[in-house]
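Inspection log for the structure reproduced underneath, given as structure tokens.
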Amino acid sequence: MNSLHGTDPSDSPRSARSAGALDRQAALEWYRRNRARSAQLFDMLSEGCYFSRPIALRNPIVFYEGHLPGFSVNTLIKKGLGRSAVDARLEEIFARGIDPEDEQGATPRGGVGAWPGRHAVRQFADACDHLIEHALLHDPVERAGVPVLERAEGVFTMLEHEAMHQETLLYMWHRLPLADKTRPVGDVPSPQGDPPAQRRVAIPGGTATLGARRDEVAFGWDNEFEAHVVHVPAFEIDVHDVTNAAFLEFVDAGGYGDPRWWTDEDFAWVQRHGVRHPQFWEQRDGAWLWRGQFDLLPLPAGWPVYVSHAEASAFARWRGARLPTEAEFHRAAYGTPGGGERSYPWGEAPPDRTRGHFDFAGWDPVAAGAFPAGASAWGIHDLVGNGWEWTSTVFAPFDGFRPMPSYPEYSAEFFDGQHYVLKGASPVTARELIRASFRNWFRPHYPYVYATFRCARSLP
Ligand SMILES: [Fe+2]
């Protein structure tokens with residue numbers, strides 16, 4: 001468990017919307033909680049790696065320290081309030097991340113010299129923070145008739161944006177040499193734990209509600225609307241995520257070398273990149289190790305395996321199964337045998353430390369099944385927490401989708417048939433992002449995500 005918290009982990013932060021209106025004080029507290037956590041994440045790194053690019057497909061680290069406050073002023077101060085902000089040149093430099101298909105597509109914007117130095121980045125960030133904090137308390141950041149400020153959309157967009165980036169920053173930090181990172185004081189590694197006994201549960205045909213109603217959530221991203229009910233035919237699903245121990249059977253059976261388990265595209269990727277095991281594993285002197293955020297550990301048998309969509313799909317095919325659809329995930333997580341639906345797998349109580357491994361409870365996973373109080377009505381474990389769950393569903397808009405005024409490219413640029421939906425949460429997904437309608441998405445060969453899976457099968 002670690003101490004990376006702005007709040008007591010036992011109580012939930014106050015919602016930034018109460019009685020239908022923005023709670024300015026709660027929004028300010030959330031902003032400060034975000035900024036403090038981001039600062040802690042950057043402080044874990046040695047100065048020497050500040051201009052490095054731990055994932056070739058992403059920007060160098062310096063970009064992100066400027067991007068977080070830069071995005072906030074671009075969204076709230078410039079787009080929302082229509083004012084000029086801090087430094088037009090830096091706001092432009094720090095405006096956008098990248099998601100190219102391959103390394104050739106990741107055009108570097110220049111070497112170290114092309115980026116401002118750390119002191120300048122921090123000065124810029126301080127100026128942004130000052131403007132944002134003042135705006136949250138005093139400016140008209142919630143205004144009917146102004147699209148970016150309608151229901152305080154810009155405020156929630158910037159707050160959730162920073163919280164989401166904290167997770168993607170940690171994917172990057174994960175790839176840095178261990179010597180470049182310092183574990184926060186008082187932090188201890190996750191316990192190993194044995195794999196739980198796997199079993200399947202049959203879920204009868206029924207309905208699932210996907211998406212959210214605009215009046216029932218404080219905020220949702222554009223891809224979460226509109227709410228709609230779908231019929232889900234009967235299926236079977238594993239009660240636990242696939243563990244490292246289970247995935248090792250696939251590796252040992254030669255699964256990575258057998259084209260029967262892969263689509264043509266996925267097998268071509270395996271061969272082109274010489275993929276032989278999950279990105280989070282390493283082999284030394286015949287022994288398998290787990291590359292954690294701060295340690296190299298003997299492979300923890302009971303932890304959920306973290307893999308790409310391609311690897312998850314191959315394993316499932318080898319087992320005579322498949323990945324669940326997004327709708328099946330919803331039914332497994334939020335449906336009940338009585339036909340009703342819950343807000344969370346465990347019921348209506350807000351997420352806390354007893355329900356799952358999320359909200360920066362640790363840097364790495366814990367054993368599958370470690371949170372029985374978080375199981376769904378069907379007795380399915382870890383649906384929210386301990387790793388995002390891959391689905392077989394291609395990321396696409398729901399009926400009624402409209403791009404959000406505060407961030408119109410957020411989802412729309414990714415409706416290209418090249419990304420798959422993930423649901424749930426990882427150990428480093430902030431509590432504020434945990435809601436049934438939240439959707440995550442990645443390319444099928446992107447191997448750095450804290451993403452696991454479980455097997456499903458259709459029933460007659
Ligand atoms: Fe961003």
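Key figures
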| read-out | value |
| --- | --- |
| Single residue of Met158, Met164 found to be within 15 Å of the ligand (Cβ to nearest atom), crowded, with 22+ Cβ neighbours inside 10 Å and touching a residue at least 40 places away in the same chain (Cβ under 8 Å) | Met158 |
| Pairs with Cβ under 6 Å, 6+ apart, first in the stretch 60-79 and open to solvent by less than 10 Å² (accessible area, probe 1.4 Å), second basic (Lys, Arg) and more than 10 Å from the ligand (Cβ to nearest atom) | Pro60/Arg53; Ile77/Arg83 |
| Residue check for Ser406: open to solvent by 10 Å² or more (accessible area, probe 1.4 Å) and either within 25 Å of Asp238 (Cβ to Cβ) or in contact with a Gly (Cβ under 7 Å, 6 or more places away or on another chain) (or both) | no |
| Which numbered condition Leu76 fails, given (1) away from the ligand (no atom under 16 Å from the Cβ); (2) touching a helix residue (DSSP H, G or I) at 6+ places or on another chain (Cβ under 8 Å) | (1) |
| Selection status of Ala268, out of contact with any helix residue (DSSP H, G or I) (no Cβ under 8 Å at 6 or more places or on another chain), over 23 Å from Glu167 (Cβ atoms), open to solvent by 40 Å² or more (accessible area, probe 1.4 Å) and among the aliphatic types (A, V, I, L, M) | yes |
| Test: residue in the stretch 133-151 that is part of a helix (DSSP H, G or I) and within 16 Å of the ligand (Cβ to nearest atom) | no |
| Unmet requirement for Glu432, which otherwise passes all of (1) assigned to a loop (DSSP other than H, G, I, E, B); (2) over 15 Å from Tyr171 (Cα atoms); (3) not small (Gly, Ala, Ser) | (1) |
| Among residues of the stretch 84-121, those that are within 15 Å of the ligand (Cβ to nearest atom), among the acidic types (Asp, Glu), open to solvent by 30 Å² or more (accessible area, probe 1.4 Å) and modelled with pLDDT of 85 or more, counted | 1 |
| Residue in the stretch 26-37 that is outside any helix (DSSP H, G or I) and either within 19 Å of the chain's Cα centre (by Cα) or at pLDDT below 95 (or both) present | no |
| Residues being free of Cβ contacts under 8 Å to residues at least 24 places away in the same chain and part of a loop (DSSP other than H, G, I, E, B) - total across the stretch 215-254 | 3 |
| Matching residues in the stretch 345-360 - criterion: being crowded, with 23+ Cβ neighbours inside 10 Å and either within 14 Å of the chain's Cα centre (by Cα) or outside any loop (DSSP other than H, G, I, E, B) (or both) | His357, Phe358, Asp359, Phe360 |
| Output for the stretch 193-223, where each listed residue is over 17 Å from His330 (Cα atoms) and open to solvent by 70 Å² or more (accessible area, probe 1.4 Å) | Asp194, Ala197, Gln198, Arg199, Arg214, Asp215, Glu216 |
| Filter result (open to solvent by less than 10 Å² (accessible area, probe 1.4 Å) and not hydrophobic (A, V, I, L, M, F, W, C)) within the stretch 122-155 | Gly154 |
| Residue match in the stretch 378-393 (condition: open to solvent by less than 30 Å² (accessible area, probe 1.4 Å), among the acidic types (Asp, Glu) and under 21 Å from His309 (Cβ atoms)) | yes |
| Whichever residue in the stretch 361-396 is over 29 Å from Ser38 (Cβ atoms) and among the aliphatic types (A, V, I, L, M) and, among such residues, is farthest from the chain's Cα centre (by Cα) | Ala377 |
| Residue that is nearest to the chain's Cα centre (by Cα) [pool: residues in the stretch 167-178 that are open to solvent by less than 30 Å² (accessible area, probe 1.4 Å) and within 16 Å of the ligand (Cβ to nearest atom)] | Glu167 |
| Top-ranked residue of the stretch 259-274 - restricted to ones that are outside any helix (DSSP H, G or I) and touching a residue at least 40 places away in the same chain (Cβ under 8 Å), ranked as farthest from Val307 (Cα to Cα) | Thr263 |
| When residues of the stretch 28-59 are limited to those that are within 16 Å of the ligand (Cβ to nearest atom) and of a type in the set (A, V, I, L, M, F, W, C), the one most open to solvent (accessible area, probe 1.4 Å) | Leu57 |
| Residue among Phe401, Phe442, Phe415 that is open to solvent by 10 Å² or more (accessible area, probe 1.4 Å) and without any contact (Cβ under 8 Å) to a residue 24 or more places away in the chain | Phe415 |
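The values are calculated or read from the model by the stated rules, or taken from the named source; none is laboratory data. Owing to the predicted nature of the structure, the values given are computational and were not obtained by experimental measurement. Counting neighbours? That spans all protein chains shown, and the Cβs are built from the backbone with ideal geometry, glycine included. What goes into the accessible areas is simple: the full protein's heavy atoms, side chains included, and nothing from ligands, DNA or RNA. Shrake-Rupley method; radii C 1.70, N 1.55, O 1.52, S 1.80 Å.
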